[in-house]
Structure formats: structure tokens, C-alpha cells
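The values are calculated or read from the model by the stated rules, or taken from the named source; none is laboratory data. Everything numeric in this text was worked out from a predicted model, so none of it was measured. Methodologically, a virtual Cβ is constructed for each residue, glycine included, from the backbone with ideal geometry; neighbour enumeration extends over all protein chains shown. These accessible areas exclude ligands, DNA and RNA; they are computed on the full protein's heavy atoms, side chains included. Shrake-Rupley method; radii C 1.70, N 1.55, O 1.52, S 1.80 Å.
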Protein chains: 2
Amino acid sequence: MSNRRIPKYLQLKEELLSWLESGRLQTGKQFPSENEISEQFKLSRQTVRQTFGELEKEGWLERIQGKGTFARNPGRREGEQVKTIGIITTYISDYIFPHIVRGAEAELRSQGYRLLLSSTDNKKEKEMESLQLMTSQPLSGLIIEPTKSAEGNPNLGYFLELQEKNIPYLMINEKYRELECPSLRVDDEAGGYKAAAHLLENGHTQIAGFFKRDDLQGVNRLKGFLHAHRESGITVSPQRVVTYTTEQKQDLPYKQALELLKSNEQNRPTAFVCYNDELAVRLMEAAVLCGLRIPEDISFIGFDDSSLSLGTRLTTLTHPKTTMGEMAARQLISMIEQGSTYEDTVFEPELIKRQSVFKRK
Amino acid sequence: MSNRRIPKYLQLKEELLSWLESGRLQTGKQFPSENEISEQFKLSRQTVRQTFGELEKEGWLERIQGKGTFARNPGRREGEQVKTIGIITTYISDYIFPHIVRGAEAELRSQGYRLLLSSTDNKKEKEMESLQLMTSQPLSGLIIEPTKSAEGNPNLGYFLELQEKNIPYLMINEKYRELECPSLRVDDEAGGYKAAAHLLENGHTQIAGFFKRDDLQGVNRLKGFLHAHRESGITVSPQRVVTYTTEQKQDLPYKQALELLKSNEQNRPTAFVCYNDELAVRLMEAAVLCGLRIPEDISFIGFDDSSLSLGTRLTTLTHPKTTMGEMAARQLISMIEQGSTYEDTVFEPELIKRQSVFKRK
DNA sequence: TACGATGACTTGTACGTACAACATCTTAAT
DNA sequence: ATTAAGATGTTGTACGTACAAGTCATCGTA
């Protein structure tokens, strides 16, 4: 017993733990009684009791009134650590999300972690529900795709709770500005820039853009889109920039697209940049319905290089998908096990040229 | 404070717990100090400390030296039952599986259950891994899509362990013959029958079939396929029935299909029945490469009504997908909560006619 | 205004006493 | 030999004192 700063009852606890670990006291064997210990260590019985109390709570020993104190539990380490990680995405079944989940799942499984899955349908209330559920029981870490990231974060309290409980988390695709945590995302602004720049290089000057405005991915892609135009000295006509929210995504962009497609040939855009492949495919159908040829009459660029883009020969920008899931899992595990912190990881999107962009002279 | 038999510190504990539960002390709010309590209840400060100590260990309150004692954790009941359900599917990201998972997830979330996800890539070893992982920590129930169901079940031990631990489980898509448990599946034999019958009715007599043989879905679809032929009195030429395993699925059926497509017009099949839409789409590409028109030169039928079939206008058979996931979740929850047992649920597949079947005279 | 000292209050550590409740062995009476 | 009472040792409850250590507001001084 050395340091006077360490309380005696904790010093005693360390001593007794070493007895247990060294095997000096095997499971089921009787401990020296409280009085014996107190005499041996020159401590009061009360102090010994305090130590015993803690060790009992932690499962190291068992006290039976009238009989004595007995050693327990040589194998199981205190409260064996939880190995369960949650992932909350906006959607589960559609589009690129299954690929992200798959990447994460494979990595986690190989590291002996279980994967909890939940989705928000891009609704704040469901995000809250999911957070509540996930944290209602033991959890070692959390991967979150923010819901409507451009609209702030009403569930801040839950994230602070995570920090308090010391549950590390990281964000994918986007991050809430209010929270300091590592994130993995694509440089969406660069993506928007590359899309528009590619069209401009191919002689397009009347380009329409369709972007989601309630998540930051959409906002940033639009930023890049505008940036490319500014650099080329081409002004973007306001009616050619269509922004919409999750709730409007079924109708609004489709209707606006029809509107633009039906305008006379001078005013009709020669190219569409679409928030993602899903939208691009729908708008391509609209174009075909209007009797236009792709890409001769109208060019298309999508985002995310989803399986949709392959079949439809859509030019699009890459998204790491599976890799992102994998890396997110790896980073989170190292945050849990090594306590390391990561800076943000930003992926550079690449343009994949297929057959949906026409070169105009 | 009534009974003299109950120790005072436990009586005090009950009292304080009732304060916490009634919301009289909200999370984060400061407790009366130890001295205040001891005065109020006419107990010594030591006794109060004993009570506080237990409550702190159990997470009801937090004590900070110098500041005071604060209420915590209003929601979580100490022994609260585990509400976590696992789902093990062969794949995660592809094809119809995301839809099944989504159905289950939505239902589980609405019932306050968390969803654990794992996949097997249709490999027995990974199935074992997943079972091990899932059961390594508390679990209330399990939904399993059997892996290579036609090849028996080397992981039987783990399923028996589930029964021993009283963890209910059910199977989807197929079931291991060795195990007695509820299952939800499609009547694949009826599906195979309907596919072949539809073609036969449309004048096809040389129909090739491609079926997976290491899972029961494939085996049963083939059974129905043969049954329909038998009923029509048409013999199936052996070289027109291609069976393959998971490991071969990338190459073998494709090569065999090319073989058949390249044969002279007399011998060439006029229709393909494919194990699922995924395969159908690949073989349709092969047919186009061979210069054949769909459906004039060759007809196609797939299975599962996946999103692939829509774009390619493939005639196919329905699969409940999301509904199956939903129902599986609902049934499992009722097995957990009411202890009810279910018989198997069998869905009847319906033929969806699109444009991939040609009517021959 | 800025800063430090102080005091009042909190919980934490440490020791002490007394007796209760329970288990086990010893002893004495039957 | 059997049984009951008692002795002894164990942990559990309950109270008490004293001081240490940390937090915070207030007051006073530079």
C-alpha cells in the first residue's frame, strides 16, 4: 500500500483483485473474514466492508450472512463488453443504401460485432424513434446518416446523450453542423461542379438542374453546379434550377421537368443535371414520353453510380457505397477499441461517362 | 415506513424510487442533500449514504462530490426485457432482400424492437458465424432465411441451442426439413408450374429451365416446371434443364444458355424459365447478343417480381417481399410476447404478364 | 473591473460502536 | 445416541464522529 492519495478502500480493492486474478483465491473458496482482513491490513471493518461491497456489486465475490465471503467468477471479465453497433440510414431497401449497409455489415461481422439496423424514411420523428430505440439497450457505437441535414437537428439532445454515455458515433454522407464528430462523405460540391463542367465543355449552355434542398448533399451539389456556371461566365436562368424537398420528390421535379421539356426549342434546356440517378431515370422517361431522343435532343447526368445508371447508360458521378460502409465500420471500431478520433474522410467523386451526354458543336 | 422487518435503508430506497418514477424528481434535477434526507426521515447520514450508494450503482442517480446528487435515467427499467430481434438473410444489398428487411424493420420499429442484421452470402460457415454472433448477446427472437436449404443443415446445434435458450425463431423463403418451426414462404412449386403452364398455353413446346439446385426454392420451382410438362404430355429434354449451385451461378447458366441459343432453329428453345429475375435479365442480354428478338424469337419468364423485371418488361411471378418481412416480424413478436405458435404461412405466387412472352400459333 | 480569499455547502473517506440475523460447531441434558 | 441449548464466528443494519475534498457564491482587495 503505497500512495496516500489513493483511498485505502481502493488500495485494498486492488490488492484483493490481484489475489483473485492470480488464482490465489479460487472460485467458491472462502475469503478471510471481514475482521481478519481488517486486522491484517490495519483497517477498520467498515472500510473493509466498503471494499467488499464494491467487489460484490461487480461480481467478484459473494457474501452470505452467517457463512462468510466467497470468491466467484474467475472467467468472466466484469460486464463483458457489448459488441453491438447501430446504423441509422434514411432508407433501407432502395437505391445505394443496401450497398452501404452491406459494406458495414461485412466488416462488422468479421470483427465480431453485431449490426443493428434502423431507418428514418428521411423523417425527423423517425430519426428520434430510432435513436431512442438504439440507445434503450447496450450499444457500443453508432453510424448515422443524417436526416434532412440541411434543416438543423432537433434531436440534438439524443446525440449529447450519446456523448455522455461515451458511445462513439460517426456520420456518413453528410453531417449535422451542430455536432463535432468524424464523418465520411463525398465531396458533393466537387460532384456538382464536375457534372456541370462536363456539360459545359460539351457545348451545353442551357442546363437545367434538379436538386433536393432539405439535405446538404443536394445543397452542395447545387453549389458546385452554380460554381461551374459562374466560372464559365454563363448565367443560370432561375426557372432552370428546380429545388424540392423530400415530401415533394414524387411530383414536383417531374412536373417541372415536363414544363421545361415542353417549352419551345429555343428555350428548352439541352441537358439535365439530376440530384441522383433515381431522379435522372424518372426524368429520362419523361423526356422519352415527350418524344425527345437521349442524348441527341437532351443530355442527362445523374449522381451515385447506382445500378439504375448501368442499365440506362446514364452518365453519372461515383459514390463509394460499399467502401464507405466498410470504412465507416472500421473507423468506428477503432474509435471504440483504441479510443482514437478521426478527422473527416472526404471521397472525391469521379465522372463516369456513359451514353447520356451529347457533344454539341 | 411500516414494517420493522424491512431494513430502513431499503424502505428509504423504495420511497426514493417512487419519487423518481412519479416524475417528482426529473432527470438532471438535484436531489435533496444527504443531510436533508437524513433529517427528514430521521435517519443517520450513513444510512442515507447506503441507500444512495445502491441507487447510484443501479443508475438511478449520480453523485458529484461538492455539487450534490442528481436524478438520472427516468426511462430505463433495470431488468427491462430485451427487445432485440435478429434477421439472417443470404444477401443484404441485392435483389429482393432489402425489401424483405425493410418490411421487417418497419414492423419491428413500430413495436419497439431493435433489428439485428446479418448475412451469409449463402455460405454455411457464414451462417454459423452469424448465428454465433447473434446469440452471443441477449436476443429475443430470430428470423432466418436458410442457407443452401437443399443441402441439409450442419448448424443444427445452434438451432437446438436457440430452443434451449427459449429464443423463438422462424424461417422465411424456405425451411430446413430437420427443424420444426414456423415458416413463411412462397409456394415455389406452384410458381414453377404456373410459369411453365403459361408458356405451354401460349404454344411453346421447347422450353428450357434454369434452376438453382442447392436451395429448396430452386428445387421446388423445378418440380413445378416438370409437373406442368407432365400434365401437358410433353417430355422435357434433359439438356434443356440446367441446374447449378451458388458457386456456379456466375458462369454456368450463362454458358449453357449461349449453347442453347446458338443451336439451330429446330432445336433452339423458344422460351426460358429462369430461377429468378436476376438470372432472367442476364440471359436476356445473352439472347440479344445472339441477335435474337425478345419475345418474338425467344420468350422469358422470371421469378420474384423484382425491380429488374419492371424496366425490362419481364413476365414474372410475384413474391411478397416487404409483406413477408412484415408478417414474419409480426408473427415472431407474437411468439415472443404471447408465446403463440404458428403454422407455416404459404403465399401463392401470381403470374404478372408483361411483354416477354410471345404467343405462338 | 479583475482576481483571490473565504466560507458555506456538498459528497467522499475513515474510523468507531452496538446489536441483529444467520450458520455452524460444541456442549449438556435427555 | 439424540436432541436442544448455547457459544462462537460470520455478515447485515444502524447509528455516530471527524475530517478531506470538491463546488460555488460572495465579499473584499488590488
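Choose one of A:Ala104, A:Ser307, A:Val357: the residue whose Cα lies farthest towards the positive end of the charge dipole of chain A (beta-carbon charges +1 Lys, Arg; -1 Asp, Glu; about the Cα centre).
Positive-end residue among those listed: A:Ala104.
Could you check which residue among A:Glu174, A:Glu164, A:Glu56 shows the biggest mean-square fluctuation in a GNM of chain A with a 10 Å Cα cutoff?
A:Glu56
Please give, to one decimal in nm, the separation of the simple spin-label points placed at B:Thr318 and B:Ser22, each 7 Å out from Cα toward the Cβ.
5.6 nm
Of the candidates A:Leu261, A:Leu17, A:Leu317, which one comes out as most mobile in a Gaussian network treatment of chain A with C-alpha springs shorter than 10 Å?
Comparing A:Leu261, A:Leu17, A:Leu317 in a Gaussian network model of chain A, the most mobile one is A:Leu17.
Which whole number in µm²/s is D for region A:8-71 by Stokes-Einstein, with the Kirkwood Rh taken over Cα pairs at 4 °C and 1.567 mPa s?
It diffuses with D of about 112 µm²/s by this estimate.
Any chance you could run the full-extension gain for A:Arg177 through A:Glu62? It's 0.36 nm times the residue separation minus the Cα-Cα distance, nm to one decimal.
Numbers: separation 115, 0.36 × 115 = 41.40 nm, distance 4.98 nm.
Going from the current span to full extension adds 36.4 nm.
Out of residues 5 or more away from B:Ile298 or on other chains, whose amide H comes under 5 Å of its own, with H placed 1.01 Å from N in the peptide plane?
B:Arg293
Of the options B:Leu117, B:Phe41, B:Thr246, report the single residue whose Cα projects farthest towards the positive end of the charge dipole of the protein assembly as shown (beta-carbon charges: Lys, Arg +1; Asp, Glu -1).
B:Phe41
Put a point 7 Å out from Cα along the line to Cβ at B:Glu39; what are the distances to that point in the other copies, in nm, shortest first?
When each copy's label point is compared with this one, the spacings are 4.3 nm.
Would you mind working out the magnitude of the charge dipole of the protein assembly as shown relative to its Cα centre, with +1 at each Lys and Arg C-beta and -1 at each Asp and Glu C-beta, to the nearest 20 Debye?
Numbers: 96 positive and 100 negative charges, 116 e Å.
Computed about the Cα centre, the dipole is about 560 debye.
Using a 1.4 Å probe and counting only protein heavy atoms, arrange A:Ile333, B:Ile352 so the residue with the most accessible area comes first. Don't jump to the answer; show the numbers that get you there.
Values: A:Ile333 10, B:Ile352 45 Å².
Sorted descending by solvent-accessible area, the residues read B:Ile352, A:Ile333.
Taking the full set of protein chains and a 1.4 angstrom probe, give the accessible area of B:Arg49 in square angstrom, rounded to the nearest 10.
For B:Arg49, solvent-accessible area is about 90 Å².
Check the straight Cα-Cα distances from A:Lys124 and name the aspartates and glutamates below 14 Å, setting aside those fewer than 8 residues away within the same chain.
Within the straight-line limit of under 14 Å, A:Lys124 reaches these aspartates and glutamates: A:Glu145, A:Glu151, A:Asp214, A:Asp215, A:Glu247.
Helix A:8-22 sits at what angle to the longest principal axis of chain A, using alpha carbons and giving 0 to 90 degrees rounded to 10?
In chain A, helix A:8-22 runs at an angle near 90 degrees to the longest axis.
Calculate what fraction, in whole %, of the accessible area of the protein assembly as shown sits on carbon and sulfur atoms when a 1.4 Å probe is rolled over the protein chains.
46 percent
Please compare each pair in A:Lys67/B:Lys57; B:Lys165/B:Lys212; A:Lys194/A:Lys249; A:Lys194/A:Lys359; B:Lys223/B:Lys255 to a cut-off of 27 Å on the Cα-Cα distance and tell me which ones are over it.
B:Lys165/B:Lys212
Please compute the net charge surrounding B:Ala104, taking Lys and Arg as +1 and Asp and Glu as -1 over other residues with Cβ under 12 Å from its Cβ.
+1
Rounded to the nearest 10 degrees, what's the angle between the helix A:216-232 long axis and the longest principal axis of chain A, both from Cα atoms, 0 to 90?
Relative to chain A, helix A:216-232 is tipped by roughly 40 degrees.
On a straight-distance basis, which aspartates and glutamates could pair with A:Lys83 in a cross-link, Cα separation under 14 angstrom, same-chain partners fewer than 8 positions away excluded?
Here the aspartates and glutamates satisfying the reach criterion relative to A:Lys83 are A:Glu105, A:Glu107, A:Glu337.
If amide H atoms are built 1.01 Å from N in the plane of the peptide, which residues on other chains or at least 5 residues away come under 5 Å of the amide H of A:Thr345?
For A:Thr345, whose amide H was placed from the backbone, the distant partners under 5 Å are A:Ser183, A:Leu184, A:Arg185.
Using a Förster distance of 35 angstrom, determine the FRET efficiency expected from the C-beta separation of A:Ser340 and B:Gln40, and round it to 0.05.
E(calc), rounded to 0.05, equals 0.15.
Taking a ≥ b ≥ c as the square roots of the Cα gyration tensor eigenvalues, with a/c under 1.5 meaning rounded and otherwise prolate when a/b beats b/c, else oblate, which class fits the protein assembly as shown?
It is oblate, given that a/c is not under 1.5 and a/b is not larger than b/c.
With every protein chain in place, what's the accessible area of A:Val186 (1.4 Å probe, Å², nearest 10)?
Looks like 10 Å² after rounding.
Could you work out the local net charge near B:Lys262, counting Lys and Arg as +1, Asp and Glu as -1, over the other residues with Cβ closer than 12 Å to its Cβ?
0
Measure nothing fancy, just the Cα-based angle from helix A:322-337's long axis to the longest principal axis of chain A, in degrees from 0 to 90, nearest 10.
Between helix and principal axis, roughly 20 degrees.
Once the other residues with Cβ under 14 Å from the Cβ of A:Asp187 are scored (Lys, Arg +1; Asp, Glu -1), what is the net sum?
Numbers: positive: A:Lys175, A:Arg185, A:Lys194, A:Arg221, A:Lys223; negative: A:Glu174, A:Asp188, A:Glu189, A:Asp304, A:Asp344, A:Glu348, A:Glu350.
Value of the local net charge: -2.
Evaluate peptide A:150-160: per residue, the Cβ atoms of other protein chains within 10 Å of its Cβ; return the mean as an integer.
Whole-number average of other-chain Cβ neighbours for A:150-160 is 0.
Do you know the relative contact order of chain B, to the nearest whole percent, from alpha carbon pairs under 8 angstrom that are 6+ apart?
16 percent
Can you tell which of B:Gly59, B:Gly203, B:Gly302 shows the greatest fluctuation in a Gaussian network model of chain B with Cα springs below 10 Å?
Of B:Gly59, B:Gly203, B:Gly302, the most mobile in the Gaussian network model is B:Gly59.
Using only the alpha carbon atoms of region B:157-250, find the Kirkwood hydrodynamic radius as the inverse mean reciprocal pair distance, in angstroms to one decimal.
15.1 Å
Determine the shape class of region B:188-319: with a ≥ b ≥ c the square roots of the Cα gyration tensor eigenvalues, call it rounded for a/c under 1.5, and otherwise prolate if a/b is greater than b/c, oblate otherwise.
Rounded, because the longest to shortest axis ratio a/c is under 1.5.
Using a simple charge model, +1 on the beta-carbon of Lys and Arg, -1 on the beta-carbon of Asp and Glu, nothing else, what dipole does region B:97-185 show about its Cα centre, in debye to the nearest 20?
Numbers: 11 positive and 13 negative charges, 44 e Å.
That gives a dipole near 220 debye.
Evaluate the charge dipole of chain A about its Cα centre and quote only its size in Debye, nearest 20, assuming +1 on the Cβ of each Lys and Arg and -1 on the Cβ of each Asp and Glu.
300 debye
What GluC sites (Glu not before Pro) does region A:252-340 have in DSSP loop regions with at most 10 other beta carbons within 10 Å?
Sites meeting the loop and neighbour criteria: A:Glu265, A:Glu296.
Please work out the average accessible area per residue across region A:188-319, using the 1.4 Å probe convention, and give it in Å².
42 Å²
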